[in-house]
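Structure first, commentary second.
The values are calculated or read from the model by the stated rules, or taken from the named source; none is laboratory data. These numbers come from a predicted model, not from an experiment. Cβ placement follows ideal geometry from the backbone for every residue including glycine, while neighbour counts extend to all protein chains displayed.
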Amino acid sequence: MTRTLVLWCPDWPVRAVTHTGAGVDLPRAAPVALFERGEVMACSASARADGVRRGQRMRDAQARCPALVTLDYDPALDVRAFEPVLAAVEEIAPGVQPLRPGTCAVRVSGPGRYFGGEEHAAAVLAERLVALGIDDVRFGVADAVFAAEQAARQALPQDSVVVPPGEGGAFLRDLPVGVLDRPELVSLLQRLGLRTLGAFAAVPHADVLTRFGHDGALAHRLARGVDDRPFAGRRPPSDLEREVRFEPPLEDAEAVAFSVRRTAEAFVSAIAARQMVCTSVWVEVHTDRGETSERQWLHPRWFDAADLVDRVRWQLQARPGPAGAVSAVAAPVSAVRFVPADVAPVTDHADGLWGSGADARVHRAASKVQSMLGREAVLSAVVGGGRGPADRQTLVPWGDPPTAERAASPPWPGSMPAPAPATVYDPPRPAQVVGASGQQVAVSERGMVTAAPARFGVEGLDTAAPSSLAARSAERLQPVAAWAGPWPVDERWWDAEQAVRAARFQVVGVDGSAWLLRVSDGAWCVEARYD
């Protein structure tokens with residue numbers, strides 16, 4: 001059995017801001033809270049002592065702690081500040097798996113044998129991190145990552161809690177289900193009376209899979225002390241950076257692009273020698289005046305030498321423009337440096353049997369537009385999960401991983417069946433739906449239709465049948481040839497500000513046009529059209 005040690009630094013986001021040279025000089029005991037989207041994302045121990053809690057609004061937090069220091073949460077700073085901690089751990093226990101900034105896991109079998117036991121290995125790591133100025137670090141050891149993390153959260157500063165082999169389920173039994181960190185699942189489990197991990201683990205696995213899906217089944221395995229997810233320890237960073245210097249400095253962009261080709265080839269070859277590819281790279285351009293132009297470039301597949309040369313040329317030729325545009329380098333170039341920002345195994349990006357990925361010409365054109373207008377200037381659509389057609393769309397910058405905001409795998413009760421509509425209106429257009437006697441159709445709280453839809457119209461669109469004179473009245477309503485629904489939706493009923501109660505209908509007019517209509521609070525609108 002392979003044992004796992006988890007290192008946890010409490011209140012890491014606050015420490016990253018106040019103790020890592022981020023430009024914030026505060027007393028150690030000052031109450032601090034970091035806010036994200038107007039809510040407390042993290043707070044210091046002194047702030048919690050005054051009643052500040054995660055998820056509170058700024059006004060509520062300041063009412064409980066008038067001396068509260070409010071700062072914006074910066075996830076990039078969070079990650080950068082934790083990198084020295086990961087490097088220090090890797091010196092003692094290679095193969096670190098970062099879980100989140102402030103928390104990481106390592107396989108403890110090797111270090112445990114070398115240092116004379118799991119507690120001694122944790123003590124050596126604690127001594128190393130205290131020397132870095134991390135005065136509150138805690139450790140947990142168990143058979144699985146989840147159980148080890150919960151053990152670390154029960155440890156004292158610079159101390160460890162060790163769960164004996166095979167006793168992960170017993171250790172987790174009395175913990176609240178809130179430690180699963182799945183708010184919607186936790187809320188439902190609590191309403192069902194399952195308030196501890198032991199109670200949740202006692203439910204048959206087949207029933208959990210049927211009711212809660214695959215994510216719920218994973219949480220059920222974690223509650224039983226079984227974590228079969230692969231341990232993804234990161235490789236220690238290798239020296240893959242490449243730099244070329246020009247003596248004398250070059251003033252022409254084309255000359256610089258020509259001169260960096262050999263360095264770009266060496267950069268790509270060094271990464272390929274490790275059976276890896278680079279999907280994100282930093283290009284740094286230094287001038288003889290001490291100026292530096294740096295830009296992170298992304299690629300939907302991976303960079304080759306020609307791609308890197310193009311990025312250098314575009315970065316030099318860019319001109320000041322809208323927000324996000326790269327500034328032009330207005331002095332002779334003395335050096336160009338390539339720094340890999342993200343590398344991945346080449347097997348993760350292998351072509352499929354019939355090819356995959358964006359056309360090379362399309363990618364080069366889109367990337368060049370990004371270089372001139374900014375990263376957000378070129379967006380691609382990704383289809384994910386959701387109940388409405390607009391909810392399923394996510395626009396991501398070109399070159400970023402095509403990841404949707406909402407996963408398509410969880411069940412979405414109330415969602416529309418296939419096929420999906422081809423045209424989605426943003427914003428939805430007002431519509432009108434009436435019954436046979438001319439009264440407006442509505443949907444009751446129980447999801448019952450007050451009258452069968454007989455005629456409908458959409459503002460700004462001529463839905464009247466060409467051969468129907470009656471449909472060309474002032475209302476311009478078209479007879480309904482067929483309809484289906486309603487699909488009622490009652491989302492976030494517990495939140496008065498974000499609650500949505502609506503119903504959707506599929507309607508086909510006599511002219512053959514098909515529409516997706518929605519009614520909410522007595523008002524109709526058209527969300528999409530089927531082509």
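Would you say F171 is touching a strand residue (DSSP E or B) at 6+ places or on another chain (Cβ under 9 Å) and within 24 Å of A202 (Cα to Cα)? Yes; evaluated as a whole, the condition is true for this residue. When you scan the stretch 81-115, how many residues do you find that are within 22 Å of the chain's Cα centre (by Cα) and in contact (Cβ under 8 Å) with a residue 24 or more places away in the chain? Of the residues in the stretch 81-115, 12 are within 22 Å of the chain's Cα centre (by Cα) and in contact (Cβ under 8 Å) with a residue 24 or more places away in the chain. One residue stands out among those in the stretch 429-439 that are over 42 Å from the mean Cα position of the chain (by Cα) and of a type in the set (S, T, N, Q): the one that is surrounded by the most Cβ atoms within 10 Å (Cβ to Cβ), which is Q439.
Considering only residues of the stretch 35-50 that are farther than 16 Å from D11 by Cβ and part of a loop (DSSP other than H, G, I, E, B), which is modelled with the highest pLDDT?
Only one residue fits best here, namely G38.
Every condition in (1) in contact with a Pro (Cβ under 9 Å, 6 or more places away or on another chain); (2) buried (at least 20 other Cβ atoms within 10 Å of the Cβ); (3) of a type outside the set (K, R) holds for V186 except the one numbered (2). Any residue at all in the stretch 207-221 that is over 19 Å from A147 (Cβ atoms), assigned by TED's automatic domain parsing to the domain that holds T2, surrounded by 14 or more Cβ atoms within 10 Å (Cβ to Cβ) and out of contact with any Gly (no Cβ under 9 Å at 6 or more places or on another chain)? Checked against the condition, which is being over 19 Å from A147 (Cβ atoms), assigned by TED's automatic domain parsing to the domain that holds T2, surrounded by 14 or more Cβ atoms within 10 Å (Cβ to Cβ) and out of contact with any Gly (no Cβ under 9 Å at 6 or more places or on another chain), the stretch 207-221 yields at least one hit.
Would you confirm whether any residue within the stretch 452-473 is under 33 Å from the mean Cα position of the chain (by Cα), modelled with pLDDT of 80 or more and of a type in the set (K, R)? There is no residue in the stretch 452-473 that is under 33 Å from the mean Cα position of the chain (by Cα), modelled with pLDDT of 80 or more and of a type in the set (K, R).
Given the condition within 24 Å of P332 (Cα to Cα), touching a Phe, Trp or Tyr at 6+ places or on another chain (Cβ under 6 Å) and not charged (D, E, K, R), answer yes or no: does some residue in the stretch 250-265 qualify?
No - not one qualifying residue is present in the stretch 250-265.
Evaluating V186 against the criteria (1) in a helix (DSSP H, G or I); (2) in contact with a strand residue (DSSP E or B) (Cβ under 8 Å, 6 or more places away or on another chain); (3) farther than 30 Å from A87 by Cα leaves one unmet condition, (2). Given the criteria at positive phi and either under 25 Å from the mean Cα position of the chain (by Cα) or in the same structural domain as V162 (by TED's automatic domain parsing) (or both), does D72 qualify? When the stated conditions are applied, D72 does not pass them.
Which is modelled with pLDDT under 80 and not basic (K, R), of L71, L26? Result of the check over L71, L26: L26. Identify the residue in the stretch 392-411 that is surrounded by 13 or more Cβ atoms within 10 Å (Cβ to Cβ) and modelled with pLDDT of 75 or more and, among all such residues, is nearest to R492 (Cα to Cα). If we take residues in the stretch 392-411 being surrounded by 13 or more Cβ atoms within 10 Å (Cβ to Cβ) and modelled with pLDDT of 75 or more, then R392 is nearest to R492 (Cα to Cα).
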